[in-house]
Structure formats: C-alpha cells, structure tokens
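Some notes on the structure that comes next.
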Amino acid sequence: MATEHNPAASSKNHNPALSESRRVSAELDKYIGPAAAGDRTAITEIVRLVHPLVRRYCGARLGNTAHLQVTADDVVQEILIATVNAIPRYRDQGKSFLAFVYGIASNKVADAFRRSQQHPTYPMAEMPDTASTAAGPEEWALVSERRAATRELMKVLAPAHREVLVMRLVLGWSAAQTAEAIGTSPGVVRVMQHRALNKLRAELKVA
C-alpha cells in the first residue's frame, strides 16, 4: 500500500533555514553526556562546535580591543578552557548547553572589561616614515568616549537584557536564535528587548 507523501512534514524535516545556533545546540546534546564522562573525542567536538559562535559573540561584545589588556581571541580561549573545565559539572536545568556556554562567555567578557578599568593600557605604534591618514588621537578619544558612554548606559539594564540586546542588535540574530541561546522563548526575547530599549530611552531622557 502506497503511503501519501506529506510535503509539510518533508519541509519540516529538511528545512535549510534552521538557525545555526539551533543546529549547534542539537549537536551538542549528542556529545555532552560522553564528554562529561571523560570522552576526549566528544570534548574536542564540543570545542569545535562552540568556537565560531563564541568568537562571533566576543567580537560583538568587545569591539576594538586596543584599550583592553587582552584581545578577543584571548577571551575566546579563556571561554573555551572554562567550558571544557565546566563540562563535568554541567547539569541540565531546563536550559541548553549552548546557553550554559553563553553564560560563561558573558562572565569572561565582563572580566575583560573589569581588568581594563583596573589596569588600562595605552599601546603605542612605531613611529611611521610618512604621515598617516588613519584616525588620530582626537578621533580615538571620541570613539573611546562613546564606547565608555555606551557601556555605562548599558549598566542600567539587567544582565539578561544586555545579552538580548547584543544578540539581537549587534549580532543580528533572530528572536528564535536568541531564545535558543539563552534558553527561553522568542516571545520572551521580544518582551525583554522591548523593555530594555524603553529603559534605555528613559535613561537618555533623564540624562
């Protein structure tokens, strides 16, 4: 007896538009158990899967790292090492392992900013042979001032709301991708984004 072909089911099973974060999250689920049990191959696969997402996240959060004591790649390495060390302690509490990794990433990025405020660095380039058309000290000072002002403004938000704004507005992720990363629903993500933006607008009016 021939079975009736269901286009909708086929489309659902072979949807090329599945988000990268959802795909990675599904793959991670296959490896976290063996990795927690000490399987080195599974641990290597986890690092391979999360590295591109962590790198993109750090690039968006850190921006130009000339004023920091570390580069974005340094922070990425810290996150990956912390992730590997935390695998045996990971417990599924309703959030995906990818959301767990983003929590580590958020803490490491915050540490990088904290270190830069305590021990600022001012890198100096070698003396050029000809005049440079690149941005000079005044332009860099203005850029640095704007970055500092933005970071101060973002401090009025709850950490979860800051993460949502970075993923939605800086990384350009969809509500579904953001929800998958932080372990919630797209509807909640939209509400968090709306409230965060309203709070920032109110703060700007007061200032």
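Taking the numbered list (1) modelled with pLDDT of 90 or more; (2) surrounded by 13 or more Cβ atoms within 10 Å (Cβ to Cβ) in turn, residue 22 passes all entries but (1).
For residue 83, the conditions (1) assigned by TED's automatic domain parsing to the domain that holds residue 61; (2) part of a helix (DSSP H, G or I); (3) modelled with pLDDT under 85 all hold with the exception of (3). Restricting attention to the stretch 169-206, the residues that are assigned to a helix (DSSP H, G or I), more than 15 Å from residue 53 (Cβ to Cβ) and of a type outside the set (A, V, I, L, M, F, W, C) add up to 11. In this structure, does residue 8 turn out to be at pLDDT 85 or above and farther than 17 Å from residue 181 by Cα? Answer is no for this residue. For residue 172, the stated conditions hold: it is within 24 Å of residue 57 (Cβ to Cβ), outside the structural domain of residue 61 (by TED's automatic domain parsing) and modelled with pLDDT under 75.
Matching residues to (1) at pLDDT below 90; (2) over 21 Å from residue 159 (Cβ atoms); (3) not in a loop (DSSP other than H, G, I, E, B):
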site: 17; (1), (2), (3): yes, yes, no
site: 43; (1), (2), (3): no, yes, yes
site: 48; (1), (2), (3): no, yes, yes
site: 79; (1), (2), (3): no, no, yes
site: 87; (1), (2), (3): no, yes, yes
site: 100; (1), (2), (3): yes, no, yes
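I need the full set of residues from the stretch 170-183 which are surrounded by fewer than 19 Cβ atoms within 10 Å (Cβ to Cβ) and among the hydroxyl-bearing types (Ser, Thr, Tyr), in order please. 174, the sole residue that qualifies.
The values are calculated or read from the model by the stated rules, or taken from the named source; none is laboratory data. Predicted model, so just to flag it, every value in this text is computed and none were measured. Please note: Cβ atoms are built from the backbone with ideal geometry, for glycine as well, and neighbour counts cover all protein chains shown.
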